[in-house]
Amino acid sequence: MAEEQKEPIKCLIIGSGPAGYTAAIYAARANLDPVVYTGQEPGGQLMITTDVENYPGYPKGIRGPEMMDDFKNQAERFGTDVRYDLVEKVDLSGPIHKAWTANGDEIHAHSVIISTGASAKWLGLESEQRLMNQGVSACAVCDGFFFKGKEVAVVGGGDTAAEEATYLAKLCPKVHLLVRRDEMRASKIMQDRVMKTENIVVHWNTVTEEILGEGDVTGVRVLNRVTEEKSVIPVQGFFVAIGHKPNTDIFKGWLDMDDTGYLIVDPGTSKTKIKGVFASGDAADKVYRQAVTAAGTGCMAALDAERYLTEEGII
């Protein structure tokens, strides 16, 4: 049911991945009574991640959805109000910021923490979705360890693809880099790194038609755009590295962004150009994009919000 928030809440958190829930834990413990709107994908990208083995405190690893459930439960333990709805529109002209949700709620808030994350771009293949987490991944740092000693493919021609390929080359005997054009878009230094890595094989003018396998990836069928020849490359892993899109469209016109949509914050803080509005997680981080770094910036955002509310005499 649509709900209008008459009294401004102290802290509104938009998004519910590691950044959002960590911000909620810190904000709740500081008596900011945070309200979290989860968005369309409660828990963020970790909800489509099977095994997480690189987050401290989980020595045996944990499934992504279970981990996010732990985060949510911890936030709720301290009094966080978690609402399963999507913020579709904001008005960040202060000092009271406003937001409207898909269900028709209108929220007024003294402070806003943005943790809407970023979504990996995919090729749009049926086989890509079918084999997700069964050999198909969009994060080499997250999942590369599982392919140690196996032959893999990376699709993409930019810096992300070059980074993923060189990272995987340290773990895998051979990495096939599938580049759609006859040149890479990656920076010169990253291209040089790829070319100097002996176990990376670059396939130019190559389009992925289908990822092969039932239950596990066994290969990839590709098309050469110049010769129109089709072939199958036997691999056990397939990494999509064509970039990420930050989920920041609703903040356009309000906050500063780079040319790809990542929110810009004051260095070393979570502060945006608008007082009382803070950005955390992958919505403002195009470099690291890890759960642990997202959680760290969620902590920063909550502490920044607390200081702001104190300085303004709100708490």
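The values are calculated or read from the model by the stated rules, or taken from the named source; none is laboratory data. Treat the numbers as computed from the prediction; the structure is a model and nothing was measured. Quick reminder, even Gly has a Cβ in these numbers, built from the backbone with ideal geometry, and neighbours come from all protein chains shown.
Structure notes:
- A Cβ distance below 8 Å, combined with a sequence gap of six or more or placement on separate chains, defines the contacts here; from the stretch 273-284, residues that are in the same structural domain as residue 113 (by TED's automatic domain parsing) and within 17 Å of residue 258 (Cβ to Cβ) reach residues that are of a type in the set (Asp, Glu) and surrounded by fewer than 24 Cβ atoms within 10 Å (Cβ to Cβ) in the pairs 273/256.
- Strands (runs of 3 or more DSSP E) wholly inside the stretch 161-235 containing at least 1 residues that are in contact (Cβ under 8 Å) with a residue 60 or more places away in the chain: 206-212, 219-224, 230-233
- Residue 149 closer than 18 Å to residue 286 by Cβ, at pLDDT 95 or above and outside the structural domain of residue 54 (by TED's automatic domain parsing): no
- For residue 76, the conditions (1) free of Cβ contacts under 8 Å to residues at least 12 places away in the same chain; (2) acidic (Asp, Glu); (3) farther than 15 Å from residue 11 by Cα are fulfilled apart from (3).
- Subset of the stretch 129-155 that is free of Cβ contacts under 8 Å to residues at least 40 places away in the same chain and part of a loop (DSSP other than H, G, I, E, B) - its residue that is surrounded by the fewest Cβ atoms within 10 Å (Cβ to Cβ): 149
- Residues that are among the acidic types (Asp, Glu) and either more than 26 Å from residue 39 (Cβ to Cβ) or buried (at least 18 other Cβ atoms within 10 Å of the Cβ) (or both) occur in the stretch 174-183; there is at least one.
- Checking each residue in the stretch 46-60 for being at pLDDT 80 or above and crowded, with 22+ Cβ neighbours inside 10 Å picks out only 46.
- The lone exception for residue 42 - which of (1) in a loop (DSSP other than H, G, I, E, B); (2) without any contact (Cβ under 8 Å) to a residue 60 or more places away in the chain; (3) assigned by TED's automatic domain parsing to the domain that holds residue 170 it fails: (3)
- Top-ranked residue in the stretch 103-128 [being in a helix (DSSP H, G or I) and charged (D, E, K, R); ranked as surrounded by the most Cβ atoms within 10 Å (Cβ to Cβ)]: 128
- Inter-residue pairs, beta-carbon under 6 Å, first touching a residue at least 40 places away in the same chain (Cβ under 8 Å) and in the stretch 106-120, second charged (D, E, K, R) and part of a strand (DSSP E or B), 6+ apart: 106/4; 108/98; 110/10; 119/245
- Residue 253 being within 17 Å of the chain's Cα centre (by Cα), surrounded by fewer than 20 Cβ atoms within 10 Å (Cβ to Cβ) and without any contact (Cβ under 8 Å) to a residue 60 or more places away in the chain: no
- Just one of (1) of a type outside the set (A, V, I, L, M); (2) touching a helix residue (DSSP H, G or I) at 6+ places or on another chain (Cβ under 7 Å); (3) crowded, with 16+ Cβ neighbours inside 10 Å fails for residue 158. It is (2).
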